[in-house]
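These notes are about the structure you will find just below.
The values are calculated or read from the model by the stated rules, or taken from the named source; none is laboratory data. Given the structure is predicted, the values throughout are model-derived calculations rather than measurements. Using ideal geometry, Cβ is built from the backbone for each residue, glycine included, and neighbour counts are taken over all protein chains shown. Please note that ligands, DNA and RNA were not included when accessible areas were found on the heavy atoms of the full protein model with its side chains. Shrake-Rupley method; radii C 1.70, N 1.55, O 1.52, S 1.80 Å.
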Amino acid sequence: MKWTKSLIQTLRENPGDAEIDSHKLLVRAGLARKVAAGLYAYLPLGMRVLKKIQQIVREEMDRAGAQEIVTPVLQPSELWRTTGRWDTMGPNMFKLRDRGEHEFALGPTAEEVFTDIAKGIVSSYRQLPLTIYQIQWKFRDETRPRFGLMRSKEFLMKDAYSFDVDAEGADKSYWTMYHAYERIFGRCGLKAVPVQADGGDMGDSMTHEFHVLADAGEDGIAWCEGCGYAANLEKAERKCGEIAADAGEQAVEEVATPDAKTIGQVASFMGLGAEAFVKSLVYVADGKPVMVCVPGDRDVNDVKLRRFLGAKSVALADFDTVLAATGANAGFVGPVKPASGDLRIVADIALKGAKGRIVGANKDGYHLKGVDLERDTRLGEGDFADLVVVQAGDVCPRCGKPMAIKRGIEVGQVFKLGTKYTDAFKAVYKNDNLEEKTMIMGCYGVGVSRTLQAIIEQSHDKDGIVWPSSVAPYQVVVELLDPDQGEVVRVAETIESALEAIGVDVIVDDRSERPGVKFKDADLIGFPVRVVVGAKGLSNGGVEIKRRDEDKSKTRIVPPEGALDVIRSLL
């Protein structure tokens, strides 16, 4: 392929709305072009990368025994109403009506469609296990699209769904996909770490996310260097030791704290550290208020709280609910004798046995000190659980070593769905006794377009992208420095033909530009191998060959007839 025949436009300046390096390079290197907020056109270079990632995904899905289909982007509301998600998906779902006033959604995911297909085809245990997948565009009306392809309104996703006869079969399908994902991301040149995650509304407790560790990642990950434990902050747990001995028995004393509502304000007012306090917050869980107490220097983990309470939803209570439940406004509430006698109180496990703590007095402008949480509150044995967001330095629940907090970009996730969707659709099969049994499902997603940008985020330097050879738009760029000299053109085209004959993607930069411009563009786009063919070089005995990820001093001078072997070895 000749550069002059290609639609390639590189930019010297960063796009104004780009916040992270990969977004800047995505646009500057001519891979994609913004059409509107959260919407991108993929240009030829970007499409070549996208297709290569898709091919890797297809090969590994097929290798794992999955079968490819494709379902409509436009999905009828009836399918979504079957599971109730037409109403619960909220404003993230694009909804529309056709001219017949029939309601549709632009698919944000496809559990309903795939379950309906399986229900209509599978009738016997002999047809199971079954895993089917697609690579299809998805749509979500993000409130704040940002970071280029990382959080966009339209994205390319591989979603697969497994159907099994029992839990043992579902486990096997789950781990088959898990290991397929390890191969997919490895072949894409990514260091993707599987981390434990919360299933949320998607499935049960078994789920792993695959994260590319990067400072620009939106997700926090608790990471233990000692044993490799990794979990996103929604799921991450920590080990709590015995509580440090507090001072002896203390009488509860009311202290005036005017105009001091937050932990920071009260701590400053009383000249103490935040760890001396108990932070008390009122939540509403499935319509009922509940008070949550955590150490003053910690934050409540809403996901852990919801899971502990067995609730479908939890949210901070409004001002009126807080006042009715406690007798005070937010900032002055606490677990000692709240106004509502039936208000449930729960606390983080780190507060079990805590004495001499400071809590809100359930009276505006006042706090209580000297509080013994077991003596002075209604907290019982079953009211304590791990309810806080893990912090750096917390103890690993597995090996007991301190954990770090890293940032990650989620590129894939595997779920065990159980029978949530097959129950709703009555998707059953008949066993060998002709008894009807419900199929057990799994769900497996790869963000294909997000993976493209995640590779850039993990593999770039000050000059541009450094593509892994497996997904590079072109594996080799031949820099033709003297396009008006026949011998130089002949050598460049001979190398091009030889590379194409062995299946190497190559582009010849035949532009009438200065060498410096060509080299900067090559580094910006990130071709893995650069071959420089010029009159001066040929007169000195050869062509220059260099890998993109090597220091400039590693340039090799090779006779033209030996170039093919050297390039092949470098790739």
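Could you check, for segment 488-498, whether at least one of its residues is free of Cβ contacts under 8 Å to residues at least 60 places away in the same chain, open to solvent by 40 Å² or more (accessible area, probe 1.4 Å) and of a type outside the set (Asp, Glu)?
The answer is yes; a qualifying residue exists.
Which one of the conditions (1) surrounded by fewer than 19 Cβ atoms within 10 Å (Cβ to Cβ); (2) in contact with a Pro (Cβ under 6 Å, 6 or more places away or on another chain) does residue 208 fail to meet, given that it meets all the rest?
(1)
Across segment 1-20, what is the total count of residues that are more than 18 Å from residue 49 (Cα to Cα), part of a helix (DSSP H, G or I) and in contact with a strand residue (DSSP E or B) (Cβ under 9 Å, 6 or more places away or on another chain)?
1
Just to be sure I understand, how many residues within segment 403-437 are in a strand (DSSP E or B), open to solvent by 50 Å² or more (accessible area, probe 1.4 Å), in contact (Cβ under 8 Å) with a residue 24 or more places away in the chain and out of contact with any Leu (no Cβ under 8 Å at 6 or more places or on another chain)?
Of the residues in that region, 2 qualify.
Take the residues of segment 248-290 that are open to solvent by less than 50 Å² (accessible area, probe 1.4 Å) and assigned to a loop (DSSP other than H, G, I, E, B): which is nearest to residue 308 (Cα to Cα)?
Result: 273.
What helices (runs of 4 or more DSSP H) completely inside segment 468-552 contain at least 2 residues that are under 33 Å from the mean Cα position of the chain (by Cα) and either over 30 Å from residue 53 (Cβ atoms) or modelled with pLDDT of 95 or more (or both)?
515-525
Any idea how many residues of segment 553-566 are in a strand (DSSP E or B) and open to solvent by 20 Å² or more (accessible area, probe 1.4 Å)?
Residues that pass the stated criteria total 2.
From 440, 456, which residue is open to solvent by 10 Å² or more (accessible area, probe 1.4 Å), in contact with a strand residue (DSSP E or B) (Cβ under 6 Å, 6 or more places away or on another chain), in contact (Cβ under 8 Å) with a residue 24 or more places away in the chain and β-branched (Val, Ile, Thr)?
Exactly one of 440, 456 is open to solvent by 10 Å² or more (accessible area, probe 1.4 Å), in contact with a strand residue (DSSP E or B) (Cβ under 6 Å, 6 or more places away or on another chain), in contact (Cβ under 8 Å) with a residue 24 or more places away in the chain and β-branched (Val, Ile, Thr), namely 440.
Please work out if residue 387 is open to solvent by less than 10 Å² (accessible area, probe 1.4 Å) and over 12 Å from residue 291 (Cβ atoms).
In short, no.
Name the residue, out of 94, 104, 114, that is farther than 13 Å from residue 425 by Cβ, touching an Asp or Glu at 6+ places or on another chain (Cβ under 9 Å) and in contact (Cβ under 8 Å) with a residue 40 or more places away in the chain.
The conditions single out 94.
Does segment 502-531 hold any residues that are without any contact (Cβ under 8 Å) to a residue 60 or more places away in the chain, open to solvent by 10 Å² or more (accessible area, probe 1.4 Å) and touching a strand residue (DSSP E or B) at 6+ places or on another chain (Cβ under 6 Å), and which are they?
530, the sole residue that qualifies.
Filter segment 9-37 for residues that are surrounded by fewer than 20 Cβ atoms within 10 Å (Cβ to Cβ) and aliphatic (A, V, I, L, M); which is modelled with the lowest pLDDT?
18
Provide a single number: the residues in segment 295-322 that are over 28 Å from the mean Cα position of the chain (by Cα) and over 12 Å from residue 343 (Cβ atoms).
Of the residues in that region, 5 qualify.
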